[in-house]
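Engineer: Sending over a structure as structure tokens; questions will come in a sec.
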Amino acid sequence: MSIYRKDELKMSVPFKGAKSFLLTGKETGSKMLLVSQIILQSGSRSPLYKITNVEESIFIAKGQLNVRLDNKQFDAYSGDCVLAKQNDPHGYENNGKSDAIIITVSPSTEVKKVELNDIDYIQSRPNSGFYDRSINEPYEFAKGIMRYDMIGDFLGAKSTYFSELIFEPGSIAPTHYHPKHEESMFCLENKLNCVYATDDNISLSQGDIFMAEIAVRHGIFNEHKSVGKLLAIHSVLNPPPRVDVD
């Protein structure tokens, strides 16, 4: 069963003031995705780097970042997303007063990362590769479920698609499977329930991650009294191929 609880996640220190927790990767049995949660102390700053074989997406789950992308430097906030295409120089700094949390996603378990020297930046948002939550509205995905599509071909992605889904109490997303790709689902806020293979009710708490392998039946619902939030992450472009099942 590919469900990993918050307290079981593997932790590393990628740079000063940061803790990285592996959510999905080769060590968790994935063959298609690398997903990490990084907690940044105020003032912590990543090196400038590029990934030479795939793209990387950065979702700001909490806080405020100053982002470097190519030759641009700009602020981003909770709910925003940044897409760094293959070989795009990028980095980030927590310029807020409290811890920031980001989720990083790459459509490969083998990521080739190269650190770079910083340059002089233009203070400006980029023309592409930035999803600004403040100017986007969610749409109704199913009864009681609102959805933000944040990364996809509409942002210039080549092989990544992910969304934030907001589940009202009692809401149910259709049970399905993906015939050719995995899906990772991260419980972003409060509690949710998941369907996996023949098990119809597995609890998820904030910080837990759930991976459905190729062709494995899965789904999400909310039997709790509070709103739950989920990140649904795919290593294919939108819309991800799916087959609905009971």
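Engineer: Say we join alpha carbon atoms closer than 10 Å with springs in a Gaussian network model of the chain; which of ILE38, ILE145, ILE202 then has the biggest fluctuation?
Structural biologist: Highest fluctuation among the options: ILE202.
Engineer: Hey, in the GNM for the chain with a 10 angstrom Cα cutoff, which one of SER159, SER128, SER205 fluctuates hardest?
Structural biologist: SER128
Engineer: Give the residue list of chymotrypsin sites (Phe, Trp or Tyr not before Pro) in the range 1-37 that are DSSP loop and have at most 16 other beta-carbon atoms within 10 angstrom.
Structural biologist: Hits after loop and neighbour filter: PHE15.
Engineer: Another question, then. How high is the relative contact order of the chain, in percent, counting Cα pairs under 8 Å that sit 6 or more residues apart?
Structural biologist: Across the chain, relative contact order equals 19 percent.
Engineer: Sticking with this one: Give the separation of the Cα centroids, the range 40-82 to the range 189-246, in Å.
Structural biologist: 26 Å
Engineer: In whole Hz and in residue order, list the ³J(HN,Hα) couplings for the range 122-133 that follow from phi through the Karplus curve 6.51 cos²θ - 1.76 cosθ + 1.60, θ = phi - 60°; x for Gly and Pro.
Structural biologist: Taking θ as phi minus 60°, the curve returns 8, 7, 6, 6, x, 6, 8, x, 10, 9, 9, 4 Hz for the range 122-133.
Engineer: If you add up the charges near LYS85, with Lys and Arg at +1 and Asp and Glu at -1, over every other residue whose beta carbon is less than 11 angstrom from its beta carbon, what do you get? Let's see the in-between values first.
Structural biologist: On the way: positive: LYS50, LYS158; negative: GLU55, GLU56, ASP70, ASP88.
The answer is -2.
Engineer: I would also like to ask the following. Using the Kirkwood radius over Cα pairs, work out the Stokes-Einstein diffusion coefficient for the range 135-244 at 25 °C and 0.890 mPa s, in µm²/s as a whole number.
Structural biologist: Reported coefficient: 176 µm²/s.
Engineer: Give LYS10/LYS180; LYS6/LYS180; LYS112/LYS229; LYS16/LYS62 a once-over and call out the pairs whose C-alpha atoms are over 24 Å from each other.
Structural biologist: Among LYS10/LYS180; LYS6/LYS180; LYS112/LYS229; LYS16/LYS62, the Cα-Cα distance tops 24 Å for LYS10/LYS180; LYS6/LYS180; LYS112/LYS229.
Engineer: In the range 150-245, which trypsin sites (Lys or Arg not before Pro) are in a loop and have at most 11 other Cβ atoms within 10 Å, using DSSP for the loop call? Each step should come with its number before you reach the end.
Structural biologist: Values: sites: LYS158, LYS180, LYS191, ARG217, LYS225, LYS229, ARG242; in loops: LYS158, LYS180, ARG217, LYS225, ARG242.
Sparse-neighbourhood loop trypsin sites (Lys or Arg not before Pro): LYS180, LYS225.
Engineer: Modelling each spin label as a point 7 Å along the Cα-to-Cβ direction, I'd like the ASP7/ARG242 distance in nm, to one decimal.
Structural biologist: 3.2 nm
Engineer: Of the residues HIS181, HIS234, HIS224, which exhibits the maximal mean-square fluctuation in a Gaussian network model of the chain defined by a 10 Å Cα contact cut-off?
Structural biologist: Comparing HIS181, HIS234, HIS224 in a Gaussian network model of the chain, the most mobile one is HIS224.
Engineer: Can you give the translational diffusion coefficient of the range 3-133 in µm²/s, computed by Stokes-Einstein from the Kirkwood radius over Cα pairs at 10 °C and 1.306 mPa s? Please list the in-between numbers first.
Structural biologist: Numbers: Rh = 14.9 Å.
Rounded, D is 107 µm²/s.
Engineer: Another question, if that's okay. Under 5 Å between amide H atoms, partner at least 5 residues away or on a different chain: which partners does SER44 have, H built in plane at 1.01 Å?
Structural biologist: Residues meeting the amide H criterion: ASN94.
Engineer: In addition: Over all directions, what mean area does the Cα convex hull of the chain project, stated in square nanometres?
Structural biologist: That works out to 12.4 nm², a quarter of the Cα hull's surface.
Engineer: At a Cα cut-off below 17 Å, give the lysines reachable from LYS72, other chains included and same-chain residues fewer than 8 away excluded.
Structural biologist: LYS50, LYS85
Engineer: Between THR175 and residues 5 or more places away or on another chain, which pairs have amide H atoms under 5 Å apart, with H built 1.01 Å from N, and which residues are they?
Structural biologist: VAL245
Engineer: GluC sites (Glu not before Pro), restricted to the range 86-168: which are DSSP loop and have at most 12 other Cβ atoms within 10 Å?
Structural biologist: Qualifying residues, ordered by number: GLU110.
Every read-out reported here was derived from the displayed coordinates using simple, explicitly stated rules and does not represent laboratory data. Keep in mind the model is a prediction, meaning the values are calculated, not measured. Neighbour counts run over all protein chains shown; Cβ positions are idealised from the backbone, glycine included.
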